[in-house]
Amino acid sequence: MQSESTKDYKYEVKVIKLEKSLRIPKEITSQLSGILSRKKISQLKKEAVECPVLGKQVPFLQCFVCKNFVRRVRGIVYCRGEALN
């Protein structure tokens with residue numbers, strides 16, 4: 001069990017369910033096609049997060065491939081919160 005002082009994340013971000021899927025760059029989709037099934041990718045396209053680093057809503061799959069992504073547990077994404085280049 002980790003103590004409060006050794007957290008590996010800075011932000012806890014809630015996953016938002018959407019009616020329509022968000023546009024995701026082809027590079028991200030092709031990067032994930034070997035890892036996830038097409039059905040799972042299409043489900044995840046309908047989810048988004050309010051990114052604390054970028055300050056806007058982004059598709060969950062974009063968050064998933066980000067270097068700040070730590071894990072996702074029960075609809076909460078744990079983010080390192082470091083600046084992106």
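D8 passes every criterion in (1) within 16 Å of V65 (Cβ to Cβ); (2) out of contact with any helix residue (DSSP H, G or I) (no Cβ under 7 Å at 6 or more places or on another chain); (3) touching a residue at least 40 places away in the same chain (Cβ under 8 Å) apart from (1).
Restricting to segment 29-42, name every residue that is assigned to a helix (DSSP H, G or I), more than 23 Å from R74 (Cβ to Cβ) and either among the aromatic types (F, W, Y) or open to solvent by less than 90 Å² (accessible area, probe 1.4 Å) (or both). Result: T29, S30. Candidates K20, K45: the one that is open to solvent by less than 70 Å² (accessible area, probe 1.4 Å), touching a residue at least 24 places away in the same chain (Cβ under 8 Å) and of a type in the set (K, R) is K45. Here E4 fulfils each of the conditions (1) open to solvent by 90 Å² or more (accessible area, probe 1.4 Å); (2) modelled with pLDDT of 90 or more; (3) over 14 Å from the mean Cα position of the chain (by Cα) apart from (2). Flag: L61 does not match the condition of being open to solvent by less than 50 Å² (accessible area, probe 1.4 Å) and modelled with pLDDT under 90. Tally up the residues in segment 1-28 that are in a helix (DSSP H, G or I) and over 16 Å from V77 (Cβ atoms), please. Qualifying residue count, segment 1-28: 5.
Looking only at segment 43-84, residues that are farther than 18 Å from Q31 by Cβ and in a loop (DSSP other than H, G, I, E, B) come to 11 in all. Out of V13, V73, one residue alone is out of contact with any Leu (no Cβ under 9 Å at 6 or more places or on another chain) and open to solvent by 60 Å² or more (accessible area, probe 1.4 Å). It is V73.
The values are calculated or read from the model by the stated rules, or taken from the named source; none is laboratory data. Since the structure is predicted, the reported quantities are computational estimates derived from the model, not experimental observations. Note: ideal-geometry Cβ built from the backbone for every residue, glycine included; neighbour counts use all protein chains shown. For accessibility, only protein heavy atoms count, side chains too; no ligands or nucleic acids. Shrake-Rupley method; radii C 1.70, N 1.55, O 1.52, S 1.80 Å.
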